[in-house]
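Asker: Pasting a structure below so you can have a look.
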């Protein structure tokens, strides 16, 4: 597995994405055949993705390489101040309502699973896979793959324009997240930041089952993600030829 990741990174990345797609398509098939609402399968899908991410990192023996390092090895945590403001402050502007306790617990579990599996796979495994090509290329490639995977929303019938904005915003935001992963030598704060952002967004828009959202929300997401991308490029200045993540 590690040989494939290091010697055939493109093929390895394609296989990872295909496995993620297989999980989604399997859920869609089950929903169609058994008449189970797709929303009811969200948590199982997230669990499968998280298990896959953990197994993949374990097989590669890349826990430290993907950012699961001890706090004593974390660096430059001040770099998280700007992303925290960029991602959280606009969501607070939407006046999210803290849900009832039972629903809050479910949302916390869901958002932590989303944060773990997306960061572990894209800012962890895939970013590390492409690092021999240099930090800049690794961040851009992993960000492009992160944007691409959000095309899954087409499969569940989301509005095409919303999905396109989601793909663009995911790509741009991932540039900033990838840069943070490299500059801070940790993925743990990224997981928590990701989970917090999603928790506030779900609280503001009605949760995972929300249907239509206000037209300005996708635009706001793209603007914020664009600022994250600029911040990421700023953090990566001078690291274009650095092919190693600090360990």
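The values are calculated or read from the model by the stated rules, or taken from the named source; none is laboratory data. None of these values were measured; they are calculated from a predicted model. Here the Cβ is made from the backbone with ideal geometry for all residues, glycine too, and neighbour counts use every protein chain on show.
Asker: Being touching a residue at least 60 places away in the same chain (Cβ under 8 Å), over 16 Å from the mean Cα position of the chain (by Cα), assigned to a helix (DSSP H, G or I) and farther than 30 Å from residue 6 by Cα is true for just one of 39, 33. Which residue is that? Write out each step before concluding.
Answerer: Details: 33 fails: touching a residue at least 60 places away in the same chain (Cβ under 8 Å).
One residue alone meets the criteria, 39.
Asker: While we're on this one: Go through 138, 120 for me and flag whichever is under 13 Å from the mean Cα position of the chain (by Cα) and crowded, with 22+ Cβ neighbours inside 10 Å.
Answerer: Details: 138 fails: under 13 Å from the mean Cα position of the chain (by Cα).
Being under 13 Å from the mean Cα position of the chain (by Cα) and crowded, with 22+ Cβ neighbours inside 10 Å holds for just one of 138, 120, which is 120.
Asker: Taking the criterion of being under 24 Å from residue 20 (Cβ atoms) and either crowded, with 17+ Cβ neighbours inside 10 Å or at pLDDT 95 or above (or both), would at least one residue in region 77-92 satisfy it?
Answerer: Filtering region 77-92 for residues under 24 Å from residue 20 (Cβ atoms) gives 87.
The next check asks that each one be either crowded, with 17+ Cβ neighbours inside 10 Å or at pLDDT 95 or above (or both); those that pass are 87.
Yes: region 77-92 contains one or more residues that are under 24 Å from residue 20 (Cβ atoms) and either crowded, with 17+ Cβ neighbours inside 10 Å or at pLDDT 95 or above (or both).
Asker: Got at least one residue in region 35-52 being within 17 Å of residue 192 (Cβ to Cβ), touching a helix residue (DSSP H, G or I) at 6+ places or on another chain (Cβ under 9 Å) and surrounded by 12 or more Cβ atoms within 10 Å (Cβ to Cβ)? Walk me through how you get there before you give the answer.
Answerer: Here is the first cut: in region 35-52, the residues within 17 Å of residue 192 (Cβ to Cβ) are 46, 50.
Subsequent filtering for residues that are touching a helix residue (DSSP H, G or I) at 6+ places or on another chain (Cβ under 9 Å) retains 46, 50.
If we keep only those that are surrounded by 12 or more Cβ atoms within 10 Å (Cβ to Cβ) as well, we get 46, 50.
There is at least one residue in region 35-52 that is within 17 Å of residue 192 (Cβ to Cβ), touching a helix residue (DSSP H, G or I) at 6+ places or on another chain (Cβ under 9 Å) and surrounded by 12 or more Cβ atoms within 10 Å (Cβ to Cβ).
The rows are residues; the columns are (1) under 28 Å from residue 78 (Cβ atoms); (2) over 15 Å from the mean Cα position of the chain (by Cα); (3) at pLDDT below 95.
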residue	(1), (2), (3)
142	yes, no, no
146	yes, no, no
151	no, no, yes
156	no, yes, yes
161	no, yes, yes
174	yes, no, no
181	yes, no, no
187	yes, no, no
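Asker: Inside region 52-70, can you point out the residues that are in contact (Cβ under 8 Å) with a residue 60 or more places away in the chain and either farther than 13 Å from residue 120 by Cα or in a helix (DSSP H, G or I) (or both)?
Answerer: Hits for region 52-70 are 52, 53, 54, 56, 57, 60.
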